Amino acid sequence: MTVLLEAERLCRNFGGLKAVNEVTFQVMEGEIFGLIGPNGAGKTTLFNLMTGLTPVSSGVLRYRGNILTGLPPHRIAAQGIGRTFQNIRLFKGLSALENIKVSQHVTTKSGLLSGFFGTPSSRVEEKRVEEKAWELLALVGLSDRAAELAANFSYGDQRRLEIARALALDPKIVLLDEPAAGMNSSEKQGLSEFIRAIRDRFKLTVLLIEHHVPLVMNLCDRIAVLNFGELITVGEPAEVQKNRDVIEAYLGAE
C-alpha cells in the first residue's frame with residue numbers, strides 16, 4: 001500500500017504543556033484509520049496540526065511525500081485534505097446549498113473581476129460549483145432542504161452537511177472529528193455504512209476521531225491510540241483491543 005499521510009516526531013507545545021509529543025505514524029492510501037484516546041489525549045490538536053490551524057512546534061508532516069509543515073490552512077485544503085470539526089463550524093446564516101458552494105472557493109480559478117463581469121469561464125465554473133453542491137446534498141439526503149438555513153438543521157443533519165462540505169473540496173483524505181457525537185445507535189450504524197460508502201465511491205482515505213469504541217473497532221482498518229499527547233500503539237483493531245497499555249489508559253478491563 002502507498003503512504004498518503006505521514007507524521008514524523010510531531011510535537012505541539014502550549015507553554016509547558018506537551019499536547020502532542022513525538023507522535024509518529026503513517027496513514028495508507030484507501031484505508032479508514034481511527035484515532036482514539038481519552039479526553040485531552042491530543043487527538044483534535046493533532047487534526048489541527050495536520051490541517052494548518054495550529055502551528056507545529058517540531059517534527060514534520062508529509063502528504064504524498066510533500067512537506068505540509070508551515071503551510072496555511074487554505075493551501076493544505078487545496079492539496080486534497082478535507083475535514084470536519086468536533087464543534088460544528090457551518091455558516092449558520094447561509095443555506096445548505098450556499099455552505100457547500102462557498103467551500104469550493106479554494107478549488108476555483110476565476111478571479112473577482114471575471115466573476116463580477118460574468119465572463120464565459122466564470123459562468124462555466126459557477127455552473128460546475130452549483131451542480132456539485134446539488135450532487136453532494138443528494139448524497140447526504142438533504143437536497144430537499146437546499147434553501148434552508150443551516151442554523152435550522154438538527155444536530156445530525158448539520159453533521160451530514162458538514163461532511164458534504166468537506167467532500168466539496170475533492171479531497172483525497174478526509175479527517176472526521178467525532179462525527180458520531182450525539183447520535184443514537186441506529187444513526188451510528190448508518191454513519192458507519194455511509195463512511196464506507198463515501199470511501200469507496202470517491203476513492204478516499206479516512207482519518208477518524210471517535211469515542212464510540214464499537215464503531216471504531218468495526219469500521220477502521222487500523223487504529224492509533226493517544227494518551228497525554230503520546231502515541232501508545234498503532235495496529236489493527238484486534239491488536240489494539242488486546243494491548244495492555246491501551247486497556248489501562250482507555251478501554252478499561254472487562
If VAL106 satisfies every condition in (1) over 19 Å from the mean Cα position of the chain (by Cα); (2) at pLDDT below 90; (3) aliphatic (A, V, I, L, M) but one, which is the exception? (1)
From LEU137, LEU113, LEU61, LEU97, residue being aliphatic (A, V, I, L, M), in contact with a strand residue (DSSP E or B) (Cβ under 9 Å, 6 or more places away or on another chain) and either at pLDDT 90 or above or assigned to a helix (DSSP H, G or I) (or both): LEU61
Return a yes/no flag: does region 196-203 have any residue that is assigned to a helix (DSSP H, G or I), among the small types (Gly, Ala, Ser) and closer than 26 Å to ALA78 by Cα. yes
Taking only region 204-231 into account, find how many residues are closer than 23 Å to PRO179 by Cβ and assigned to a strand (DSSP E or B). 12
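With the requirement that a residue be hydrophobic (A, V, I, L, M, F, W, C) and part of a helix (DSSP H, G or I), what does region 152-189 give you?
The answer is LEU161, ILE163, ALA164, ALA166, LEU167.
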Flag if GLY52 is touching a residue at least 24 places away in the same chain (Cβ under 8 Å), surrounded by 21 or more Cβ atoms within 10 Å (Cβ to Cβ), in the same structural domain as ALA249 (by TED's automatic domain parsing) and farther than 23 Å from LEU137 by Cβ: no
Given the options LEU71, LEU53, name the one that is more than 24 Å from GLU178 (Cβ to Cβ) and in a loop (DSSP other than H, G, I, E, B). LEU71
Read through the list (1) farther than 30 Å from ASP157 by Cβ; (2) in contact with a Cys (Cβ under 7 Å, 6 or more places away or on another chain), then give the number of the only condition that VAL23 fails. (2)
Please work out which residue is nearest to the chain's Cα centre (by Cα), limiting yourself to region 42-71 and to residues that are among the small types (Gly, Ala, Ser) and farther than 16 Å from VAL27 by Cα. GLY52
Answer yes or no: is there a residue in region 158-169 that is surrounded by fewer than 18 Cβ atoms within 10 Å (Cβ to Cβ) and not small (Gly, Ala, Ser). no
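For every residue, the table says whether it meets (1) of a type in the set (A, V, I, L, M); (2) in contact with a helix residue (DSSP H, G or I) (Cβ under 8 Å, 6 or more places away or on another chain); (3) modelled with pLDDT under 90.
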{"residue": "LEU167", "(1), (2), (3)": "yes, yes, no"}
{"residue": "ILE173", "(1), (2), (3)": "yes, no, no"}
{"residue": "MET183", "(1), (2), (3)": "yes, yes, yes"}
{"residue": "ASP200", "(1), (2), (3)": "no, no, no"}
{"residue": "LEU208", "(1), (2), (3)": "yes, yes, no"}
{"residue": "HIS212", "(1), (2), (3)": "no, yes, yes"}
{"residue": "ILE223", "(1), (2), (3)": "yes, yes, no"}
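Condition check ((1) under 14 Å from the mean Cα position of the chain (by Cα); (2) in the same structural domain as ALA96 (by TED's automatic domain parsing); (3) under 29 Å from TRP134 (Cβ atoms)) across all residues:
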{"position": "GLY182", "(1), (2), (3)": "no, no, yes"}
{"position": "LEU207", "(1), (2), (3)": "yes, no, yes"}
{"position": "LEU219", "(1), (2), (3)": "no, no, yes"}
{"position": "ILE223", "(1), (2), (3)": "no, no, no"}
{"position": "GLY229", "(1), (2), (3)": "no, no, no"}
{"position": "GLU239", "(1), (2), (3)": "no, no, no"}
In region 9-43, what residues are under 21 Å from GLU236 (Cα atoms) and not in a strand (DSSP E or B)? GLU29, GLY30, GLU31, GLY37, PRO38, ALA41, GLY42, LYS43
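The values are calculated or read from the model by the stated rules, or taken from the named source; none is laboratory data. Since the structure is predicted, the reported quantities are computational estimates derived from the model, not experimental observations. All Cβ positions, glycine included, derive from the backbone under ideal geometry; neighbour counts span all protein chains shown.
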